[in-house]
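S.K.: Here it is: the structure, laid out below.
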Number of protein chains: 2
Amino acid sequence: MATDTAFIGIDWGTTNLRVWRLTAQGDPLDSRASPQGMGSLSPAQFAPVLDDLLSGWPTDLPVLACGMAGARQGWVEAPYVPLPADAPALAHGLVAAPGDRRVLIVPGIAARDAQGHLVDVARGEETQAIGAAAPGPGLLVCPGTHSKWIRTDGARIMDLQTFMTGELNGLLAAKSVLRHSIGGPARPDAVFRQAVTEMLEGRPLPEALFSVRVQSLDDRLAAKDAASRLSGLVIGAEIAAGAARFGLSPVRLVGNPLLVSLYAPALAQGGYDAVEVIDGDHAVCRGLAHIWNARP
Amino acid sequence: MATDTAFIGIDWGTTNLRVWRLTAQGDPLDSRASPQGMGSLSPAQFAPVLDDLLSGWPTDLPVLACGMAGARQGWVEAPYVPLPADAPALAHGLVAAPGDRRVLIVPGIAARDAQGHLVDVARGEETQAIGAAAPGPGLLVCPGTHSKWIRTDGARIMDLQTFMTGELNGLLAAKSVLRHSIGGPARPDAVFRQAVTEMLEGRPLPEALFSVRVQSLDDRLAAKDAASRLSGLVIGAEIAAGAARFGLSPVRLVGNPLLVSLYAPALAQGGYDAVEVIDGDHAVCRGLAHIWNARP
C-alpha cells in the first residue's frame, strides 16, 4: 500500500509550478511542471491552470500545495504561522482553496521580535525545512532569489533570516554599470573564491561592488570571470552575515545544482566544514508528506 | 577684465551635459544644459551636439570639458591620472578633442594599490574635488549614482573610494520585490534616521534589505515611508563603510539638494559633526578654472 498515491503535492512558486503524485511517505510516483507561477496568475486562474496540468490524473485525489499560492496576492491567503513551528502547527494552519477539487494550502512562517513585530517571513521554505529536518539543532541554508537561513531544532523551525542575494546579483549583473564587465555565467573558481574571501574578511558590500568594474577596466578581470567575482561578493557577504547571525554549525544546503556548486565551497570557506547537500525537490516532497500526515 | 569670458567650461556626464561661460576665476557668466549625456552619444556626435548647444556664443572661445566625455566610450579617451593628483597634474593630462573647435578634455583619476593594480576610478569628481579644495587634510563626499569619497590634502587628491549607492537604491526601488512596498520619495525623516542608525550599529546590508518588505507586510511601514527606509539602509551602509575606510574628520558634501538633504543628517548621525555643504555646480566651475589656469 505504501506505493499507492496518497495525495498530490504542489510547490507553487512565483515563477514555477511543480506537481507530484506522492506516497504517504512523500516518495514521488510521477511529476509534472509548468512555467505558470503565481506571479503571472490572478486568483481565478489557479484552479483551471491546475486542472490543466493534472489532466489524466484521478480527479478525486486530495491536493496539498505549498509556496506562493498561499500569499495575499495568490490563490487564497494562508496566514503566516508564528515561530517556532512544526508540521502539526503548519497542518493546523492549512487553508482550503475555492473550487471543485479538494486543495489545501500550506501557510508560510513568520518570525517576530520580542515586541511582536514581524521581522521575517518565508513561503515554501517552511516545507523544505520540515522535509530536510534531522535530530538535534540544525541550520538550513536555502539559496535563491531570496535566500533563507533557517535554524531548526529537530523537526521544529526556530528562526529565520532572508537575504536578497539572488535578486541583488541578478539586478547588478543585468541592469547596473557592472553589466558592461560581465560575459558569461558564474563558476566556483579561483576568482569566485577570492571574492568570497574578501567578504569573509569583513569588507563591506557597498564598498566592494564597484571593484568588479574597476578590475575589468584594468584588464585584470576578464569578462568571462566577472560574474564569478560578483557572485563571490554577494554570496560571501551573505555567508559572513549569516555566520554572524547564526554561528557555525553543521549546515544542510537545499537548492538547485548551480547554486549548490557555488554555496557549498563558499560555506566551507566560511568555516562551515560539515555541509550536507539535500535535493530541493526531495525536501519539498518529504515536507509535504509530513504536513499531510500531521493534519488534525 | 575679471568679468570677461576666459573659456567655456563643460561637465559632460553620462546622462547630462552642462556648459558655462566662465571667467578666469571660474565665475559663471551664463549657462546652458542639455539631456544629451555621453551615454546616448557615439564619438562622432559629440562635436555637433556641442556646437548646437553653444550656438550664439563666440566660436573662438576655448573649451575645457570634464566628466564622461573623456571615458573610453566617450568623445576621446583622456587616460586616468594616478593619485596623488593636483590641478597641474590634471592639466598635464589634458587631451584635445577632434574637430574644428578648440576643446580640451580633463582626465579622470585612478587609485592604485601597492602592487600597481587599479583599485578605483573617477571622472568628473576630480574637478569637483579641485574646486572644493581647502587648506589641510580634508574629506569630500560626492553622493550620486556612484558615490565618491575623496581624501584631499590641500589642493591634492590623495585617495578615492566608490560606493554604488544610488544605483543600488534605484534598482532595488524600481525592479526588486521591494518595489511593491514603495509609494513616494525618500525623506530625511524619523524612518530614514532609524534605518541609518541600524546600519551605523553594524547591521550587514544583505541582512537588512528584506526588512523593507517585511515591515510593509506587517503594516508597520507605510508605502509613503518605505523609500525613506530603503534610502536610510543604503546610505547608512555607505557612511558606515566610508567612516571605517577614511575615519572621522570635517567633511565637505558636494551634491544636489535632495541628496544633500539625506546625506547631511546621515553623516551627522555617523559622527561627522562638521559637514560643510558645497554646491556641485560651483565646485565644478571653480575646479575647471583651477585646471585651466594650471595648463603648462
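The values are calculated or read from the model by the stated rules, or taken from the named source; none is laboratory data. Remember, it's a predicted structure, so these values are computed and weren't measured experimentally. Cβ placement follows ideal geometry from the backbone for every residue including glycine, while neighbour counts extend to all protein chains displayed.
S.K.: Give A:L258, A:L267, A:L248 a once-over and let me know the one that is crowded, with 19+ Cβ neighbours inside 10 Å and at negative phi.
M.R.: That would be A:L267, the only listed residue that is crowded, with 19+ Cβ neighbours inside 10 Å and at negative phi.
S.K.: Being within 25 Å of the chain's Cα centre (by Cα) and assigned by TED's automatic domain parsing to the domain that holds B:G184 is true for just one of B:R213, B:R220, B:R245. Which residue is that?
M.R.: B:R245
S.K.: Mind listing whichever residues of the stretch B:183-195 are more than 13 Å from every other protein chain (Cβ to nearest Cβ) and either of a type in the set (A, V, I, L, M, F, W, C) or assigned to a helix (DSSP H, G or I) (or both)?
M.R.: Matches in the stretch B:183-195: B:A186, B:A190, B:V191, B:F192, B:R193, B:A195.
S.K.: Which members of the stretch B:264-274 meet the condition of being modelled with pLDDT of 95 or more and away from chain A (no Cβ under 14 Å)?
M.R.: Hits for the stretch B:264-274 are B:A264, B:P265, B:L267, B:A268, B:Q269, B:G271, B:Y272.
S.K.: Moving on. Just to check your reading of the model, which residue among A:A24, A:A114, A:A89, A:A85 is surrounded by fewer than 22 Cβ atoms within 10 Å (Cβ to Cβ), at pLDDT 95 or above and closer than 22 Å to B:L217 by Cα?
M.R.: Going through A:A24, A:A114, A:A89, A:A85 in turn, just one is surrounded by fewer than 22 Cβ atoms within 10 Å (Cβ to Cβ), at pLDDT 95 or above and closer than 22 Å to B:L217 by Cα: A:A89.
S.K.: If I ask for residues that are out of contact with any Cys (no Cβ under 6 Å at 6 or more places or on another chain) and polar (S, T, N, Q), which ones from the stretch A:112-127 would you list?
M.R.: Passing the criteria: only A:Q115.
S.K.: Could you check how many residues of the stretch A:6-25 are outside any strand (DSSP E or B) and out of contact with any Phe, Trp or Tyr (no Cβ under 8 Å at 6 or more places or on another chain)?
M.R.: Total meeting the criteria: 6.
S.K.: Next up: Which of the residues that make up the stretch A:88-116 are touching a Lys or Arg at 6+ places or on another chain (Cβ under 6 Å) and within 14 Å of chain B (Cβ to nearest Cβ)?
M.R.: A:G108 - this is the single residue of the stretch A:88-116 that is touching a Lys or Arg at 6+ places or on another chain (Cβ under 6 Å) and within 14 Å of chain B (Cβ to nearest Cβ).
S.K.: Tell me which of these A:A186 doesn't satisfy, since it passes every other one: (1) in contact (Cβ under 8 Å) with a residue 24 or more places away in the chain; (2) in contact with a His (Cβ under 9 Å, 6 or more places away or on another chain).
M.R.: So A:A186 meets the others, but not (2).
S.K.: Would a scan of the stretch A:92-101 turn up a residue that is within 21 Å of the chain's Cα centre (by Cα) and either buried (at least 18 other Cβ atoms within 10 Å of the Cβ) or on the phi < 0 side of the Ramachandran plot (or both)?
M.R.: Yes, there is a match, as at least one residue in the stretch A:92-101 is within 21 Å of the chain's Cα centre (by Cα) and either buried (at least 18 other Cβ atoms within 10 Å of the Cβ) or on the phi < 0 side of the Ramachandran plot (or both).
S.K.: Which condition number in (1) crowded, with 22+ Cβ neighbours inside 10 Å; (2) within 21 Å of the chain's Cα centre (by Cα); (3) among the basic types (K, R) is the one that B:R229 fails?
M.R.: Here B:R229 meets the rest and fails (2).
S.K.: In the stretch A:209-242, which residues are part of a helix (DSSP H, G or I) and at the interface with chain B (Cβ under 9 Å from one of its Cβ atoms)?
M.R.: A:S211, A:R213, A:V214, A:Q215, A:L217, A:V234, A:A237, A:E238, A:A240, A:A241, A:G242
S.K.: Name the residues in the stretch B:141-167 that are within 11 Å of the chain's Cα centre (by Cα), of a type outside the set (S, T, N, Q) and surrounded by fewer than 24 Cβ atoms within 10 Å (Cβ to Cβ), would you?
M.R.: Answer for the stretch B:141-167, where residues must be within 11 Å of the chain's Cα centre (by Cα), of a type outside the set (S, T, N, Q) and surrounded by fewer than 24 Cβ atoms within 10 Å (Cβ to Cβ): B:G144, B:H146, B:G166.
S.K.: So, in the stretch A:60-71, how many residues would count as being in a loop (DSSP other than H, G, I, E, B) and touching a helix residue (DSSP H, G or I) at 6+ places or on another chain (Cβ under 8 Å)?
M.R.: Residues that pass the stated criteria total 1.
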